[in-house]
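J.: Structure incoming, see below.
All of the numbers you see were taken from the coordinates with simple rules; none came from a lab. Since the model is a prediction, treat every value here as computed from it, not as a measurement. No Cβ is skipped: glycine too gets one built from the backbone with ideal geometry, and neighbour counts run over all protein chains shown.
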Amino acid sequence: MEQLPSGKNQASLHESVDSPSSSFVQSKEKFEPDEHEGRSMRYPKTSLSIVICIGLLIILQICGSWFESAAEIDSNFCRKVTMFPSYARVKAFNQNHSRFASKYSLYLYREQGKDKIPEEGSDETLSLDGVPALFIPGNAGSYRQVRSIASESTLLYDRFYKNGAQDYRYQLDVNPNSSKIDFFTADFNEDLTAFHGRTLLDQAEFLNEAVKFILSLYSEQKNPPTSVIIVAHSMGGIVARVMMSLPNYVAESINTILTLATPHAAAPATFDGNLNRIYKDTDEFWRIGLMHDNALGSELYELAHSRLQNVSLVSVTGGLLDTTLPADYTTLKGLIPRTHGFNVFSTGIPGVWTPIDHLAIVWCDQLRKVIAKVLLETIDSSSPQKTYNLEKRMSIFETYLLDGLSKDFNSLQLNQASVVNSQVNELPMRVKVNTDLDNVDARDSRIRLYGSPKPVINLFEIPKNGSIFTVLSSSPFSQSQIESSKNPSVLLCNPLSATKKYSATQETSVLDYTNPLEPSNSVEMECIDVSKSSHSIPRSLKNTRTTASSSIDGQYPPFHLIQYHTDTLSNYQFVLVRVPEKLEDEFVVAEMQQDQAQTIPLGQRSLYELITRGYYLTLPKNRPFNLNLLVPSAHSSLLAYKLDIRYKSSEHELFTPLLKFHINEETKWLVNLKENDQISLVFHSGMIPYVPFERDNRTYLSLQLFSDSIAIEEVMDIYLSISWFQSLKLLVLRYRLLIISFPVAIVLIVFLLQSNVHYKEGYFPAFGEGLTMLVHYSTLLPLLFSVSVLSICCSNGFFQSLIAFLEPLNEYNVKQMNLVSGSDSMHINPYLLGLEESILWWLAPCFTVISIALISLVYFFIHTLLMSVTLIGRSSMLRKSTFFQRRRIGGLFLSQKKRTIGFVALLCLVPVYVPYQFAFIICTVVQAILSVRIALRKETNDSSESLTSPSSPSETPVQDSSPDSIKANVQNYNVSLLMLMLWILPINVPILVVWIHNFSVNWPTPFSSHHNFLAVLPIMLLVQSNVQGKMLPRMEYIWIFNCFGVYFVFYSLVFGSRSLYSLHHYFNLLCVWLLAQTCL
């Protein structure tokens, strides 16, 4: 055995940072006594300890916010469901129809007790007589997930549509042209489409053939269907969109797509470059196909337009409770025009009013009932497509999925416009009332009625200036036969003289609301009933606990609201509100108020002021019962907001305060506000990182407040501020991929520092010492400053246009987004943190500190492992062991000949069978074993073996001839390289998981992608070189290495989270340089 030098040299070896007996953060020392003290003082361990503590503290706070229970407004109120499912496999759809039929299957859903179930082995599916629909499961999804929606559609059809009964839940006549729905569902063996682009393409190709086969099952019908309705969950929605861009798509076979929690705007994981390219190509196909004309001169336009011109696409998301996929990604902004689809949150769907998590969205009882209703309403069994035309389908979707109210009273939506602006010469009703029309007051008119013993008629004059008419009722408005209805009704009227020339030819019965006991001038008017334009909103009484209480089939009925801006009522002079007798416990509240009285700004547009001080507002006593509070500063979806509402309640309140939150596509409701209530508010619209949004002055939060201000007669105080603790949870949802890209950048910086020290001094510092060099104020402060400046620059539009030239894929074409959406304000920021608010620049340095802490924890684990191994090597019993002396740790490696055979075999398998990610993981394992081997050999001071493998001569070209210095350099270099490989490892693991999954389902064909052996060859050669004991020499042209390293760091920070797959390829290029320096 080789003898250690005596004195300080011996102490230096055992106290070096990568000697297992040394401290985790202690600096590596050279063996010369005169340099020992200088290096220790230059890089003290205190700074690293402080940074680690700060980073861990932030991580603990984030974890605490993540596990904190959700606020009431974001709690899950889904009711559980029951069904009696059965699934008949369509065996006739085999490999003769699709080459993927050996891996995937097609099933037909049948509800037991309602549908005829084919016997095992029979072909009774050929007798289908409904409308075909296809359910597409998502990432790792099951074909059985169709059961909830399919069951409800079957039961709903049998209950209401089969016999033409009225659906009491909507008080509307059902669609007379509807038909039962035959739900088919695809079994993908729980394939992982979120990680692998080729798998997504395989599924889309399979489903196009499945759609063709499904339509053939109906070919014997008199009027066979030519299209299939698509319902898709998660990544299944992307598969549905990809289907229409493939060559085997059957023309006009899809015209209705309903997706649930589908990430349309961005890929949820960016481990596979193919997946990003599929997203890019599919989005481009849809945008070009849905443009009004071929403004860009694209060759795709004719094909895409012919396939997509009649397609409707609706995206439903569950909101904050979806922790699997950020709800931001489900937006359709910049992808399709509003005439072809929209995005809606479950919290805003009438009758649902609850957030839903990623898996529950396919079975939530309230939502499945709405979806089943929508699907049955869109069916037109008389048409070849079996659905209504695009315009009517969109009208149905809007009626049942949107609340009909927007944040801006100047643009109140109505199916209203078609009702109130209908032809005045066709007013169908004539009403006679005891009223002097000349004395009707149009200024701030208001009624508040409850427990009325007799019918009440109220007239509101429609003013010429901008005003808003609102009526709120606890009971439904009458939908027909209002003369005998026991429900309130709302009519838009004109005096008879104003429409006399039109009404002379009409034979219309007169509704006489005059009272003969009250002498007054009787006036006859012609009116139109607009009660059908009412919208249901959550019930808010003292006994109402949540929005679920008044949702579909809930414990209580909902409230009903009618709201008009007078600009849309220019053809009318009066609004008539009729309240029937015996109202009992119900109420009606109505008012006509000017815009200025109802629309109140809460603060300015300054986000800085909101963050630092908050905004405060006092509402007066005599306020309208319906107020719209605009919050221009609340536009960032990265922040959680806290709303304090303070008022004094009254026992005479007809209803408790009700609050609606709205921004862009997202709506939330909060019922039964209490005194001194504190509300935590989080939204996923507004300005969103990494996904398209509209950047204009209308993108901000609005609060619509309903309160019985007549009964309360007290002021109401409102204070808006930032909830920082809740905001931390949002960072996890939006920036989960940064846990890879930022640490890669930090490890690269450490490796650059180590390499430059090695170039100058011939000594390669340990990774722990590299961390201490990084956190020294002379390095850390410039780093944090640079990251902060980079964050501010990436929020600037001009800088974004500059760095767009460096983007490898250039996925986002803003010009296409503007053309398809008919807007010039579409924007997207995919760089760094995707921030639009420069005041949030401090998030970037926070993530930097967190990354340093995480890297330190990983290194601590590796250091502990090495310490354990070297403690074993120190054991005197082990040193005397004959087996240990014979085998040593070198036995962990095969001989040079066997290693070469294994290397060649692995290299040959990559192009034909295994993905290159498998080879990378093997290299990482070998590098880890090599680091352990070097640490143990260093501790045992084995002079009988060189630094090369047992069968190879030493080839270590190091500058210092000291054996201990050689071992320290080799160990430090290999551990640092291992650290970098460990952070690249998570990028490669998902593809390997997909590959293993294919084995588990006995998929016989070779893996269909990732066989480029050049993507891993330099890494394999470098690891092989390390195993042979070669050490990186002092680099020639180190400035080239530094330039490449800085660009690698810049790329990891700016593009890394949206292009993680490319970090592997940049690491591969880094290995080319290291290999060239080592071997040439």
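J.: Listed highest first by mean packing, meaning other Cβ atoms within 10 Å per residue, what order do 384-396, 605-617 come in?
T.: Values: 384-396: 18.5, 605-617: 15.5.
The peptides rank, most packed first, as 384-396, 605-617.
J.: Students often check this: by mean Cβ neighbours within 10 Å, which of 897-905, 548-556, 844-852 ranks highest, and how do the rest follow? Spell out each step's value before the answer.
T.: Details: 897-905: 12.6, 548-556: 19.2, 844-852: 22.0.
Averaged packing, sorted descending, gives the order 844-852, 548-556, 897-905.
J.: Same structure again: Compute the signed sum of charges (Lys and Arg +1, Asp and Glu -1) over the other residues within less than 14 Å, Cβ to Cβ, of K280. Each step should come with its number before you reach the end.
T.: Working: positive: R241, R277, R287, R1058; negative: D272, D281, D283, E284, E807, E811.
Around K280, the charge tally is -2.
J.: How do the peptides 755-763, 93-101, 240-248 rank, highest first, by the average count of neighbouring beta carbon atoms within 10 Å per residue?
T.: The peptides rank, most packed first, as 240-248, 755-763, 93-101.
J.: Using the Cα centre of segment 227-316 as the reference point, and only Cβ charges (+1 on K/R, -1 on D/E), how large is the resulting charge dipole? Debye, rounded to the nearest 20. Could the numbers behind the result be given before it?
T.: On the way: 5 positive and 8 negative charges, 45 e Å.
I would put it at about 220 debye.
J.: Can I ask one more? Do any of K114/K162; K486/K542; K212/K386; K91/K212 go past 20 Å between their Cα atoms, and which? Let's see the in-between values first.
T.: Values: K114/K162 12 Å; K486/K542 25 Å; K212/K386 16 Å; K91/K212 15 Å.
The pairs that break the limit, which is 20 Å between Cα atoms, are K486/K542.
J.: Could you please state, rounded to a whole Å, how far the C-alpha centre of segment 562-611 is from the C-alpha centre of segment 766-786?
T.: If you average the Cα positions of each part, the centres end up 59 Å apart.
J.: Once you have all Cα-Cα distances for segment 85-402, histogram them in 10 Å bins from zero and send the whole-percent values.
T.: In order of increasing distance, the bins hold 6, 28, 38, 23, 5, 0 percent.
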